[in-house]
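To start, the structure itself, in C-alpha coordinates.
The values are calculated or read from the model by the stated rules, or taken from the named source; none is laboratory data. As the structure is a prediction and not an experimental result, all values here were calculated from the model. FYI the Cβ positions are ideal-geometry reconstructions off the backbone, even for glycines, and counts take in every protein chain you see.
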Amino acid sequence: MGKAMNKINKWLRLIRIMIIITIILIFCAAGVLIYYWYMPGSSYTGPLKPLTTAEEETRNNLTGHVRMLATVIGERNSDKYEELQSAVEYIKHYFEEAEMALSVQSFDVEGQKFGNIIVEVKGAGKPDEIIVVAAHYDTARNTPGANDNASGVAALLELARLMKDRNPGRTLRLIAVVNEEPPYFQTDKMGSSIYAKQAKERGENIVAMLSLETIGYYSDKPGSQAYPPLLSPLYPDTGNFIAFVGNLKSHKLVRQCVDAFRRTADFPSEGAALPGWLPGVDWSDHWSFWKEGYPAVMVTDTAFFRYPYYHRPEDTPEKLDYDRMARVVTGLVQVITELAYIEK
(Lines give C-alpha, C1' and ligand atoms only; values in the text may rest on other atoms or scores of the structure.)
Protein backbone atom coordinates (compact mmCIF):
# COMPACT_ATOMS: atom_id res chain seq x y z
CA MET A 1 0.00 0.00 0.00
CA GLY A 2 2.84 2.39 0.92
CA LYS A 3 4.67 1.72 -2.38
CA ALA A 4 1.49 2.37 -4.34
CA MET A 5 0.96 5.71 -2.54
CA ASN A 6 4.56 6.70 -3.26
CA LYS A 7 4.05 6.00 -6.94
CA ILE A 8 0.84 8.04 -6.97
CA ASN A 9 2.58 10.95 -5.21
CA LYS A 10 5.45 10.84 -7.71
CA TRP A 11 3.00 10.93 -10.59
CA LEU A 12 1.09 13.80 -8.98
CA ARG A 13 4.35 15.76 -8.51
CA LEU A 14 5.28 15.08 -12.14
CA ILE A 15 1.85 16.22 -13.31
CA ARG A 16 2.12 19.42 -11.23
CA ILE A 17 5.57 20.14 -12.70
CA MET A 18 4.26 19.56 -16.22
CA ILE A 19 1.31 21.89 -15.56
CA ILE A 20 3.64 24.60 -14.23
CA ILE A 21 5.97 24.23 -17.24
CA THR A 22 2.97 24.37 -19.60
CA ILE A 23 1.68 27.55 -17.94
CA ILE A 24 5.13 29.14 -18.16
CA LEU A 25 5.41 28.24 -21.84
CA ILE A 26 1.94 29.67 -22.53
CA PHE A 27 2.85 32.93 -20.81
CA CYS A 28 6.16 33.09 -22.70
CA ALA A 29 4.42 32.47 -26.01
CA ALA A 30 1.80 35.09 -25.17
CA GLY A 31 4.55 37.53 -24.26
CA VAL A 32 6.33 36.96 -27.57
CA LEU A 33 3.05 37.35 -29.46
CA ILE A 34 2.22 40.61 -27.68
CA TYR A 35 5.77 41.90 -28.21
CA TYR A 36 5.50 41.57 -31.99
CA TRP A 37 1.75 42.15 -32.38
CA TYR A 38 1.33 45.18 -30.15
CA MET A 39 1.31 48.56 -31.90
CA PRO A 40 1.33 51.97 -30.20
CA GLY A 41 -1.69 54.22 -30.30
CA SER A 42 -5.10 53.41 -31.72
CA SER A 43 -6.35 53.26 -35.27
CA TYR A 44 -8.49 56.24 -36.22
CA THR A 45 -12.24 55.58 -36.19
CA GLY A 46 -15.23 57.64 -37.18
CA PRO A 47 -16.04 59.85 -40.17
CA LEU A 48 -13.11 61.19 -42.15
CA LYS A 49 -12.59 64.94 -41.92
CA PRO A 50 -12.87 67.10 -45.05
CA LEU A 51 -9.65 67.47 -46.99
CA THR A 52 -7.63 70.58 -46.31
CA THR A 53 -6.64 72.84 -49.20
CA ALA A 54 -3.16 71.29 -49.16
CA GLU A 55 -4.63 67.77 -49.18
CA GLU A 56 -6.85 68.69 -52.11
CA GLU A 57 -3.74 69.72 -54.05
CA THR A 58 -2.12 66.41 -53.13
CA ARG A 59 -5.24 64.52 -54.25
CA ASN A 60 -5.23 66.30 -57.60
CA ASN A 61 -1.53 65.58 -58.13
CA LEU A 62 -1.95 61.90 -57.23
CA THR A 63 -4.89 61.62 -59.64
CA GLY A 64 -2.86 63.14 -62.45
CA HIS A 65 0.15 60.90 -61.87
CA VAL A 66 -1.91 57.70 -61.76
CA ARG A 67 -3.83 58.62 -64.90
CA MET A 68 -0.67 59.44 -66.80
CA LEU A 69 1.08 56.22 -65.80
CA ALA A 70 -1.88 53.85 -66.10
CA THR A 71 -3.94 55.42 -68.91
CA VAL A 72 -1.66 57.50 -71.15
CA ILE A 73 1.42 55.27 -70.79
CA GLY A 74 -0.31 52.05 -69.75
CA GLU A 75 1.32 48.66 -69.27
CA ARG A 76 5.06 49.15 -68.67
CA ASN A 77 7.58 46.34 -68.32
CA SER A 78 10.30 44.55 -70.30
CA ASP A 79 7.71 43.41 -72.85
CA LYS A 80 6.42 46.98 -73.14
CA TYR A 81 9.87 48.53 -73.09
CA GLU A 82 9.01 51.77 -74.89
CA GLU A 83 6.22 52.43 -72.40
CA LEU A 84 8.59 51.61 -69.54
CA GLN A 85 11.01 54.24 -70.83
CA SER A 86 8.16 56.75 -71.08
CA ALA A 87 7.50 56.14 -67.39
CA VAL A 88 11.20 56.74 -66.68
CA GLU A 89 11.11 60.13 -68.41
CA TYR A 90 7.90 61.08 -66.61
CA ILE A 91 9.34 60.20 -63.20
CA LYS A 92 12.62 62.00 -63.93
CA HIS A 93 10.71 65.15 -64.91
CA TYR A 94 8.85 65.35 -61.60
CA PHE A 95 11.89 64.34 -59.57
CA GLU A 96 13.81 67.18 -61.24
CA GLU A 97 11.07 69.61 -60.22
CA ALA A 98 11.75 68.65 -56.60
CA GLU A 99 15.23 70.16 -57.00
CA MET A 100 16.93 67.28 -55.21
CA ALA A 101 20.12 65.61 -56.43
CA LEU A 102 19.02 63.25 -59.25
CA SER A 103 20.83 60.12 -60.42
CA VAL A 104 20.02 56.92 -62.30
CA GLN A 105 21.43 53.53 -61.35
CA SER A 106 21.62 51.75 -64.71
CA PHE A 107 22.00 48.02 -65.23
CA ASP A 108 21.48 45.42 -67.95
CA VAL A 109 19.14 42.44 -67.76
CA GLU A 110 18.91 39.96 -70.62
CA GLY A 111 20.07 42.47 -73.20
CA GLN A 112 17.87 45.36 -72.04
CA LYS A 113 18.92 48.43 -70.09
CA PHE A 114 16.97 49.32 -66.95
CA GLY A 115 17.36 51.94 -64.28
CA ASN A 116 16.48 52.88 -60.72
CA ILE A 117 15.73 56.62 -60.54
CA ILE A 118 17.00 58.28 -57.37
CA VAL A 119 16.72 61.69 -55.72
CA GLU A 120 18.54 62.48 -52.51
CA VAL A 121 18.80 65.11 -49.82
CA LYS A 122 21.94 64.81 -47.71
CA GLY A 123 21.39 64.76 -43.97
CA ALA A 124 22.69 67.75 -42.07
CA GLY A 125 23.36 66.01 -38.77
CA LYS A 126 23.90 62.32 -39.56
CA PRO A 127 24.37 62.05 -43.34
CA ASP A 128 25.66 58.47 -43.09
CA GLU A 129 22.31 57.31 -41.68
CA ILE A 130 20.00 56.81 -44.66
CA ILE A 131 16.21 56.68 -45.00
CA VAL A 132 15.02 55.05 -48.25
CA VAL A 133 11.49 55.39 -49.62
CA ALA A 134 10.85 53.36 -52.79
CA ALA A 135 8.10 52.33 -55.19
CA HIS A 136 8.30 50.18 -58.33
CA TYR A 137 7.20 51.71 -61.62
CA ASP A 138 6.88 48.55 -63.72
CA THR A 139 3.63 46.61 -64.05
CA ALA A 140 2.67 42.97 -64.31
CA ARG A 141 1.90 41.70 -67.80
CA ASN A 142 -1.49 42.60 -69.30
CA THR A 143 -2.42 45.27 -66.76
CA PRO A 144 -2.19 49.07 -66.80
CA GLY A 145 -1.24 48.89 -63.12
CA ALA A 146 -3.18 51.80 -61.63
CA ASN A 147 -3.01 50.48 -58.09
CA ASP A 148 -0.03 48.18 -58.70
CA ASN A 149 1.90 50.31 -58.71
CA ALA A 150 1.08 53.70 -60.19
CA SER A 151 -0.42 54.50 -56.79
CA GLY A 152 2.93 53.96 -55.08
CA VAL A 153 4.86 55.92 -57.72
CA ALA A 154 2.34 58.77 -57.54
CA ALA A 155 2.85 58.89 -53.78
CA LEU A 156 6.64 58.89 -54.28
CA LEU A 157 6.45 61.84 -56.69
CA GLU A 158 4.16 63.75 -54.38
CA LEU A 159 6.42 63.06 -51.41
CA ALA A 160 9.31 64.54 -53.41
CA ARG A 161 7.28 67.72 -53.94
CA LEU A 162 6.15 67.95 -50.33
CA MET A 163 9.58 67.34 -48.84
CA LYS A 164 11.83 69.23 -51.24
CA ASP A 165 12.37 72.17 -48.88
CA ARG A 166 13.11 70.08 -45.78
CA ASN A 167 16.52 69.89 -44.18
CA PRO A 168 16.79 66.36 -42.81
CA GLY A 169 19.15 65.26 -40.10
CA ARG A 170 19.54 61.91 -41.86
CA THR A 171 20.02 61.45 -45.59
CA LEU A 172 16.72 60.94 -47.42
CA ARG A 173 16.55 58.97 -50.68
CA LEU A 174 13.44 58.53 -52.81
CA ILE A 175 13.86 55.74 -55.36
CA ALA A 176 11.66 54.64 -58.26
CA VAL A 177 12.75 51.03 -58.78
CA VAL A 178 12.08 48.67 -61.67
CA ASN A 179 11.53 44.96 -62.34
CA GLU A 180 9.57 44.17 -59.21
CA GLU A 181 7.00 42.16 -61.16
CA PRO A 182 7.42 38.68 -62.73
CA PRO A 183 9.54 37.32 -64.35
CA TYR A 184 12.03 39.19 -62.14
CA PHE A 185 10.05 39.05 -58.89
CA GLN A 186 12.23 37.98 -55.94
CA THR A 187 15.30 37.43 -58.11
CA ASP A 188 18.63 39.25 -58.27
CA LYS A 189 17.32 41.04 -61.40
CA MET A 190 14.88 43.16 -59.39
CA GLY A 191 15.93 46.79 -59.37
CA SER A 192 15.55 46.97 -55.62
CA SER A 193 17.66 43.83 -55.16
CA ILE A 194 20.46 45.31 -57.26
CA TYR A 195 20.22 48.57 -55.33
CA ALA A 196 20.16 47.01 -51.86
CA LYS A 197 23.02 44.62 -52.66
CA GLN A 198 25.25 47.41 -53.93
CA ALA A 199 24.36 49.57 -50.93
CA LYS A 200 25.46 46.75 -48.65
CA GLU A 201 28.69 46.29 -50.59
CA ARG A 202 29.38 50.03 -50.17
CA GLY A 203 28.80 49.68 -46.44
CA GLU A 204 25.87 52.10 -46.42
CA ASN A 205 23.92 52.43 -43.19
CA ILE A 206 20.28 52.29 -44.29
CA VAL A 207 18.42 52.66 -41.01
CA ALA A 208 14.91 52.49 -42.50
CA MET A 209 13.32 51.55 -45.80
CA LEU A 210 9.67 52.10 -46.76
CA SER A 211 8.23 50.30 -49.78
CA LEU A 212 5.10 52.00 -51.18
CA GLU A 213 3.06 49.17 -52.69
CA THR A 214 -0.59 49.44 -53.84
CA ILE A 215 -1.92 52.22 -51.62
CA GLY A 216 -5.02 53.33 -53.54
CA TYR A 217 -7.97 51.00 -52.83
CA TYR A 218 -10.29 51.20 -49.80
CA SER A 219 -13.67 49.78 -48.90
CA ASP A 220 -16.08 50.44 -46.03
CA LYS A 221 -17.93 47.16 -46.65
CA PRO A 222 -17.71 44.60 -43.82
CA GLY A 223 -15.97 41.48 -45.00
CA SER A 224 -13.98 43.34 -47.66
CA GLN A 225 -10.62 42.55 -46.00
CA ALA A 226 -8.90 39.15 -46.02
CA TYR A 227 -5.61 38.04 -44.41
CA PRO A 228 -2.98 35.32 -44.49
CA PRO A 229 -3.79 32.21 -42.41
CA LEU A 230 -4.36 32.72 -38.64
CA LEU A 231 -4.39 36.54 -38.77
CA SER A 232 -8.10 37.20 -39.35
CA PRO A 233 -9.03 37.22 -35.63
CA LEU A 234 -6.39 39.88 -34.91
CA TYR A 235 -7.37 42.54 -37.43
CA PRO A 236 -10.52 44.27 -38.78
CA ASP A 237 -12.53 42.70 -41.60
CA THR A 238 -13.21 46.03 -43.30
CA GLY A 239 -10.64 47.19 -45.84
CA ASN A 240 -10.61 50.90 -45.04
CA PHE A 241 -7.12 51.20 -43.53
CA ILE A 242 -3.49 51.56 -44.60
CA ALA A 243 -1.12 48.87 -43.34
CA PHE A 244 2.51 48.96 -42.25
CA VAL A 245 3.97 45.45 -42.62
CA GLY A 246 7.43 44.25 -41.66
CA ASN A 247 9.23 41.06 -40.74
CA LEU A 248 10.10 40.20 -37.14
CA LYS A 249 13.52 41.85 -37.37
CA SER A 250 11.87 45.09 -38.51
CA HIS A 251 9.38 45.22 -35.63
CA LYS A 252 10.91 48.39 -34.16
CA LEU A 253 10.59 50.23 -37.47
CA VAL A 254 7.00 49.02 -37.90
CA ARG A 255 6.11 50.45 -34.50
CA GLN A 256 7.88 53.75 -35.22
CA CYS A 257 5.89 54.12 -38.44
CA VAL A 258 2.55 53.23 -36.87
CA ASP A 259 3.19 55.49 -33.88
CA ALA A 260 4.04 58.50 -36.05
CA PHE A 261 1.13 57.88 -38.43
CA ARG A 262 -1.48 57.45 -35.70
CA ARG A 263 -0.36 60.57 -33.83
CA THR A 264 -0.49 62.79 -36.90
CA ALA A 265 -3.02 61.33 -39.38
CA ASP A 266 -6.78 61.03 -38.94
CA PHE A 267 -6.98 57.86 -40.99
CA PRO A 268 -7.38 54.16 -40.06
CA SER A 269 -4.11 52.24 -39.84
CA GLU A 270 -2.85 48.82 -38.85
CA GLY A 271 0.65 47.52 -38.22
CA ALA A 272 2.11 44.03 -38.22
CA ALA A 273 5.55 42.53 -37.63
CA LEU A 274 5.16 39.02 -39.03
CA PRO A 275 7.22 36.02 -40.11
CA GLY A 276 8.43 36.69 -43.63
CA TRP A 277 7.18 33.31 -44.88
CA LEU A 278 3.51 34.22 -44.47
CA PRO A 279 1.86 34.72 -47.90
CA GLY A 280 2.10 38.30 -49.10
CA VAL A 281 4.31 39.60 -46.29
CA ASP A 282 7.47 39.77 -48.43
CA TRP A 283 5.84 40.40 -51.81
CA SER A 284 7.45 43.71 -52.74
CA ASP A 285 10.72 45.63 -52.77
CA HIS A 286 11.20 45.59 -48.99
CA TRP A 287 12.15 41.90 -49.46
CA SER A 288 15.34 43.03 -51.23
CA PHE A 289 16.39 45.09 -48.22
CA TRP A 290 15.56 42.31 -45.75
CA LYS A 291 17.94 40.07 -47.71
CA GLU A 292 20.78 42.50 -47.00
CA GLY A 293 19.90 42.84 -43.31
CA TYR A 294 18.27 46.28 -43.51
CA PRO A 295 15.06 47.12 -41.58
CA ALA A 296 12.24 47.62 -44.07
CA VAL A 297 8.47 48.07 -44.02
CA MET A 298 5.84 47.75 -46.75
CA VAL A 299 3.16 50.47 -46.78
CA THR A 300 0.13 48.96 -48.49
CA ASP A 301 -3.63 48.68 -48.85
CA THR A 302 -2.84 44.90 -48.70
CA ALA A 303 -3.23 44.36 -52.48
CA PHE A 304 -4.89 41.01 -53.33
CA PHE A 305 -6.14 40.59 -49.76
CA ARG A 306 -8.53 43.44 -50.55
CA TYR A 307 -8.28 44.57 -54.16
CA PRO A 308 -10.35 42.44 -56.58
CA TYR A 309 -8.51 43.76 -59.67
CA TYR A 310 -4.98 42.84 -58.59
CA HIS A 311 -2.80 42.00 -61.64
CA ARG A 312 -5.80 42.22 -63.94
CA PRO A 313 -6.61 44.38 -66.99
CA GLU A 314 -9.28 46.05 -64.84
CA ASP A 315 -6.66 47.67 -62.55
CA THR A 316 -7.57 51.11 -63.91
CA PRO A 317 -7.45 54.62 -62.39
CA GLU A 318 -11.17 55.02 -61.66
CA LYS A 319 -11.00 52.13 -59.17
CA LEU A 320 -8.85 54.15 -56.76
CA ASP A 321 -9.88 56.49 -53.95
CA TYR A 322 -7.73 59.60 -54.35
CA ASP A 323 -9.17 61.41 -51.33
CA ARG A 324 -8.00 58.60 -49.07
CA MET A 325 -4.71 58.34 -50.89
CA ALA A 326 -4.12 62.02 -50.16
CA ARG A 327 -4.71 61.41 -46.46
CA VAL A 328 -2.26 58.51 -46.51
CA VAL A 329 0.43 60.55 -48.26
CA THR A 330 -0.06 63.42 -45.82
CA GLY A 331 0.45 60.96 -42.97
CA LEU A 332 3.53 59.49 -44.64
CA VAL A 333 5.10 62.94 -44.76
CA GLN A 334 4.97 62.97 -40.97
CA VAL A 335 6.25 59.39 -40.70
CA ILE A 336 9.25 60.14 -42.90
CA THR A 337 9.82 63.44 -41.11
CA GLU A 338 10.12 61.66 -37.77
CA LEU A 339 12.34 58.93 -39.18
CA ALA A 340 14.64 61.36 -40.95
CA TYR A 341 14.56 64.43 -38.75
CA ILE A 342 13.87 63.43 -35.16
CA GLU A 343 16.31 61.36 -33.15
CA LYS A 344 14.71 58.23 -31.70
Inset, instruction - Give the number of residues within the stretch 217-257 that are over 28 Å from Lys291 (Cα atoms) and either in a strand (DSSP E or B) or outside the structural domain of Trp283 (by TED's automatic domain parsing) (or both). - result: 2
Inset, instruction - Evaluate the stretch 281-290: report whether one residue or more is assigned by TED's automatic domain parsing to the domain that holds Thr143, in a strand (DSSP E or B) and at pLDDT 95 or above. - result: no
Inset, instruction - Mind counting the residues in the stretch 313-344 that are closer than 19 Å to Ala124 by Cβ, β-branched (Val, Ile, Thr) and part of a helix (DSSP H, G or I)? - result: 3
Inset, instruction - Report yes if some residue within the stretch 137-156 is charged (D, E, K, R), assigned by TED's automatic domain parsing to the domain that holds Met325 and assigned to a strand (DSSP E or B); otherwise report no. - result: no
Inset, instruction - Report the residue count in the stretch 220-270 for those that are touching an Asp or Glu at 6+ places or on another chain (Cβ under 9 Å) and of a type in the set (Gly, Ala, Ser). - result: 6
Inset, instruction - Considering each of Ala272, Ala265, Ala340, Ala326 in turn, give the residue that is at pLDDT below 95 and crowded, with 20+ Cβ neighbours inside 10 Å. - result: Ala340
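If we keep just the residues of the stretch 38-84 that are in a loop (DSSP other than H, G, I, E, B) and among the aromatic types (Phe, Trp, Tyr), which is surrounded by the fewest Cβ atoms within 10 Å (Cβ to Cβ)?
Tyr38
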Legend entry - Residue in the stretch 196-216 that is farthest from the chain's Cα centre (by Cα), counting only those that are buried (at least 24 other Cβ atoms within 10 Å of the Cβ) and in a loop (DSSP other than H, G, I, E, B): Gly216
Inset, instruction - Please find, within the stretch 293-312, the residue that is surrounded by the fewest Cβ atoms within 10 Å (Cβ to Cβ) out of those that are assigned to a loop (DSSP other than H, G, I, E, B), touching a Gly at 6+ places or on another chain (Cβ under 9 Å) and not polar (S, T, N, Q). - result: His311
Inset, instruction - List every residue pair whose Cβ atoms lie under 9 Å apart, where the two residues are 6 or more positions apart in sequence or sit on different chains, the first residue falls within the stretch 160-171 and is touching a residue at least 24 places away in the same chain (Cβ under 8 Å) and surrounded by 22 or more Cβ atoms within 10 Å (Cβ to Cβ), and the second residue, located anywhere, is assigned to a strand (DSSP E or B) and among the small types (Gly, Ala, Ser). - result: Arg170/Ala208
Legend entry - Failed item, numbered, when Trp287 is tested on (1) over 13 Å from the mean Cα position of the chain (by Cα); (2) among the aromatic types (Phe, Trp, Tyr); (3) surrounded by 17 or more Cβ atoms within 10 Å (Cβ to Cβ): (1)
